[in-house]
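Okay, so here's the structure we're looking at.
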Amino acid sequence: MAGHGARGRSGGRPTLEEVAARAGVGRGTVSRVINGSPRVSDATRAAVEAAVAELGYVPNTAARALAANRTDAIALVVPEPETRFFAEPYFSDMLRGVGAELSDTEMQLLLIFAGSDRERQRLAQYLAAHRVDGVLLVSVHADDPLPDLLSQLEIPAVISGRRSADETLPSVDSDNYGGGRLAVEHLVARGRRRIAHLAGRLDVFGAQRRVDGYREGLRAAGHPVDDGLIAAGDFTEEGGRRAMTELLARCPDLDAVFAGSDVMAAGARQVLREAGRRIPDDVALVGYDDSAIARHMDPPLTSVRQPIEEMGRAMIDLLLGEIADRRPAVSRELEKRQVVLPTELVARASS
């Protein structure tokens, strides 16, 4: 049989990932071609079909059986209160990217909040019934049990932002370490010497990496690393206010602030102004995300841009590949995919 004769790079039968590499497209695109989506160009379809023929790719029988019972639904799970989801541009930008990429498929998107214990229990029951084909997880903390639950249920999943350096789920992240360094390098180049950092929640790996990048940026510039200049917040405006108040009391001579999000920077700006500090004359201010908040702040906020919409698109591409290529769990454990997208600094009047 053809399936027995075909061999991939590993010596086993070809995988969807190998088809994607041969065709020069993403896994999600291969999935759309295989599933007959009309929203694929003729040239792309031809390239994928040629790669399928050359490699002898055949979806496994388990995937074929599952296809007959697919829900054609994907859940975007947010383990945060609804109030935070609607208050922070990060989530709307992520949702925009996810929706744009998913529009090329027949899949429906379900938005599920799981910020309370009751919501989590209800979600666990919902997922155990296999009512979705896959799950996107955003804003996951280090001790969140949801990723492990998804692994146990063998539900394809992609996580936005790794929980640790040893993340086991496929993930899409931005270069938080590099972003932290960029912020400090910019402030040092502006002649600032007492650079403080308003960190996000430190049980979030991305926030930890921004702190690491901040510290390395100071070291590389020959500046001392003073942990007294770091205050942890929670990515919210109120968290930014509290952390900025704490830092001003502890380090009144600070002349620059790197905030872990634009929302926190907005809270910091309010405290600085109430304290009579001019931005950027007395204190330069840099945020993170490059959201609409940064562009509309007065003065406009310098910010580290992470490509949030692109992250959403990449998550869908990875997840569609996971859904289409349902191999045994052991096989998937050996092929976890980790995507890290670059960050860049967008300079404005606040620094």
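Descriptive notes on the structure:
- Sequence ranges 16-22, 36-42, 84-90, ranked by mean other-Cβ count within 10 angstrom, highest first: 16-22, 84-90, 36-42
- Long-range HN-HN contacts of residue 196 with modeled amide H, under 5 Å: 255, 256, 257, 258
- For the range 112-195, accessible area per residue (1.4 Å probe, heavy atoms of protein chains only), Å²: 43 Å²
- Largest mean-square fluctuation among 194, 219, 96, in a Gaussian network model of the chain whose springs join Cα atoms under 10 Å apart, belongs to 219.
- Residue with peak Gaussian network fluctuation, the chain [Cα springs, cutoff 10 Å], from 180, 134, 56: 56
- Couplings 3J(HN,Hα) for the range 194-200, derived from phi with the Karplus relation 6.51 cos²θ - 1.76 cosθ + 1.60 (θ = phi - 60°), are 10, 9, 9, 10, 8, 7, x Hz, where x marks Gly and Pro.
- The helix-based estimate of mean residue ellipticity at 222 nm for the chain, built from -39,500 (n - 2.57) per DSSP H run of four or more residues and divided by its residue count, is -14000 deg cm²/dmol to the nearest 500.
- Counting only DSSP beta bridges with both residues in the chain, the antiparallel share comes to about 10 percent.
- Probe 1.4 Å - accessible area at residue 298, Å² to nearest ten: 100 Å²
- Inter-part distance where the range 77-105 and the range 117-187 are each reduced to a Cα centre, Å: 14 Å
- The phi-based Karplus calculation (6.51 cos²θ - 1.76 cosθ + 1.60; θ = phi - 60°) puts the 3J(HN,Hα) values of the range 270-281 at 4, 5, 4, 5, 5, 8, x, 8, 8, 10, x, 3 Hz, whole numbers, x for Gly and Pro.
- Compared with the dominant Cα axis of the chain, that is its longest principal axis, helix 89-102 is turned about 20°.
- What the phi angles of the range 301-318 give under the Karplus curve with 6.51, -1.76 and 1.60, with θ = phi - 60°, is a coupling list of 8, 5, 8, 7, 7, 10, x, 5, 4, 4, 5, x, 4, 5, 4, 5, 4, 5 Hz, glycine and proline written as x.
- Long-range HN-HN contacts of residue 138 with modeled amide H, under 5 Å: 77, 160
- For the chain, the longest principal axis of the Cα atoms and the long axis of helix 176-189 meet at an angle of about 30 degrees.
- When the P(r) is computed for the range 207-317, the part past 21 Å accounts for 36% of the Cα-Cα pairs.
- Accessible carbon and sulfur surface of the range 81-217 relative to its total accessible area, %, 1.4 Å: 47 percent
The values are calculated or read from the model by the stated rules, or taken from the named source; none is laboratory data. None of these values were measured; they are calculated from a predicted model. For neighbour counting, all protein chains shown are included, and Cβ atoms are generated from backbone atoms with ideal geometry for every residue, glycine included. Please note that ligands, DNA and RNA were not included when accessible areas were found on the heavy atoms of the full protein model with its side chains. Shrake-Rupley method; radii C 1.70, N 1.55, O 1.52, S 1.80 Å.
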